[in-house]
């Protein structure tokens, strides 16, 4: 049985949460680590963390830039 890792990124201002995104990914369970070996499991863990972090960071930056763009257009 795999474990779940959850990464959440929040951008807040004085009015509260501005943008919030969460992503989940599966991580190897201790039994899988024993079966696969430590090096393979560590590689799987690192890959899952890096890919999930990149995915959520890209999405949050995109949303933030879109909000900035909307505000700049309103000012014009």
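Each value in this text was obtained by applying a stated rule to the coordinates, not by laboratory testing. Fair warning: this is a prediction, and the values are worked out from it, not measured in the lab.
Structural remarks
- Extension gain, residue 26 back to residue 49 (0.36 nm per residue minus Cα-Cα distance, nm): 7.3 nm
- Calculated P(r) tail over 14 Å for the chain, as whole % of Cα pairs: 69
- The angle between the Cα long axis of helix 38-75 and the longest principal axis of the Cα atoms of the chain comes to about 10 degrees, rounded to the nearest 10.
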